[in-house]
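Data first, discussion second: the structure below is written as structure tokens.
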Amino acid sequence: MKIVILAGGFGTRLSEHTTKIPKPLVTIGDVPIIFHIMSHYAYYGFNDFIIALGYKSELIKDYFMRLNVYNSDFDIDLKSGKIQVINKKNIDWKIKLVDTGLDSMTGGRLLRVGKYINSDNFMLTYGDGVSDVNISNLLKFHKSHNKIGTVTAVHPIARF
């Protein structure tokens, strides 16, 4: 099943960070928000991702292109230029990075990645949608109700 992550917004609520990086790359602990989200899905066996890009998409692309390097130990011989991986941490994810336009809204981003979703069922989350939802139970709930969609949400705490 495909997991679509919307990672194209301007991140204005975190503007102190997002003038330089897109919101999904803001770190929680030592890793970006998007990595937490994807790890959570992967924990439940969902590891086929489509990331709908927009704002600062080149930084998200760069992050994933270098992810194996970031998650491995290696030796570098500066004289010869030889690099040898000595401890690679395997991350079994398929990731499709799709530029969906700088000014696209949620529906437009989903429309642009739709051609890569090859089944009636898929999951969609925002690039800051960190949760502790049991994804397996959520999917069972969705299937048991025979509806077109299921929304998982929280009631935010009042700001004041």
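Run down L67, L78, L25 and say which single residue is touching a Leu at 6+ places or on another chain (Cβ under 8 Å) and either in contact (Cβ under 8 Å) with a residue 40 or more places away in the chain or not small (G, A, S) (or both).
Unique residue meeting the criteria: L25.
S57: on the phi < 0 side of the Ramachandran plot, modelled with pLDDT under 95 and crowded, with 16+ Cβ neighbours inside 10 Å, yes or no?
So S57 fits the description; yes.
Search the stretch 64-111 for residues being in contact with a Ser or Thr (Cβ under 8 Å, 6 or more places away or on another chain) and of a type in the set (D, E, K, R), and hand back the single one that is nearest to M123 (Cα to Cα).
The extreme case among them is R109.
Across the stretch 1-45, which residue is farthest from the chain's Cα centre (by Cα) among those that are at pLDDT 90 or above, assigned to a helix (DSSP H, G or I) and among the small types (G, A, S)?
Checked the stretch 1-45; the qualifying residue farthest from the chain's Cα centre (by Cα) is A42.
The values are calculated or read from the model by the stated rules, or taken from the named source; none is laboratory data. Keep in mind it's a predicted model, so treat the numbers as computed, not measured. All Cβ positions, glycine included, derive from the backbone under ideal geometry; neighbour counts span all protein chains shown.
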